[in-house]
Amino acid sequence: MNPQIALTLLVLMLIAGLPHSSSANPRRLPLQIMDSVLRDACDAGCSKEERDTYRRNIKFETHDLNGDGVSEFFVYIQHSDWCGAGFNCSYWVFQRKRNAYRSITAGYPVLRVANTVTRGFRDLESHGKLGACRLPNGSSGWQIWLAVLRYNGKEYDATEIGPRCLSK
């Protein structure tokens, strides 16, 4: 293939937000993912202003959950409609499959990648802060609601663990 044509195609794919073969952490969220998150966030209806505000406040991080060299996208909207007091933001997680992205979990706050693995994917933990608590030794801690998410071969299933008091 002509090098100029190849470069032009790569630039067009990056501008369009389409997936490409690079495993480096992307700087921009693919348009397909952004559209999916906004569609989900506004499924009950949003004004143009709300939609634009959500779009400006979409944040993401990437983690390679299955060790294939292609990072999954952890997406959240940093806005009071989606995060309680600036934390506990609800996340969407997307995996690249061929030339598209698919959601593998959504709606859990504060997702963290665990050290355990189920069906080739790292488990996830959701820690929703509830408030202060007292540890058995008398020191102060954070009361959290814990859920563990494990990959079932297609998406993540959550097991609600319940409230836990953790050291600060």
Seminar exercise, completed: For Lys154, counting only lysines whose alpha-carbon sits under 21 Å away and dropping same-chain residues fewer than eight positions off, the answer is Lys97
Exercise. What order do you get for 62-70, 155-163 when each peptide is scored by the mean count of other beta carbon atoms within 10 Å, highest first?
Worked result: 62-70, 155-163
Problem set entry | Distance in nm between pseudo-label sites at Ile161 and Arg56 (7 Å out along the Cβ direction from Cα) | 3.8 nm
Exercise. DSSP loop trypsin sites (Lys or Arg not before Pro) in segment 89-127 with at most 13 other Cβ atoms within 10 Å of their Cβ, which ones?
Worked result: Arg98, Arg119
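Values quoted throughout were computed directly from the atomic coordinates according to the rules given, and no laboratory measurement underlies them. Worth saying up front: this structure is predicted, and the values here are computed from it rather than measured. Don't worry about glycine lacking a Cβ; one is built from the backbone with ideal geometry, like all the others, and counts go over all protein chains shown.
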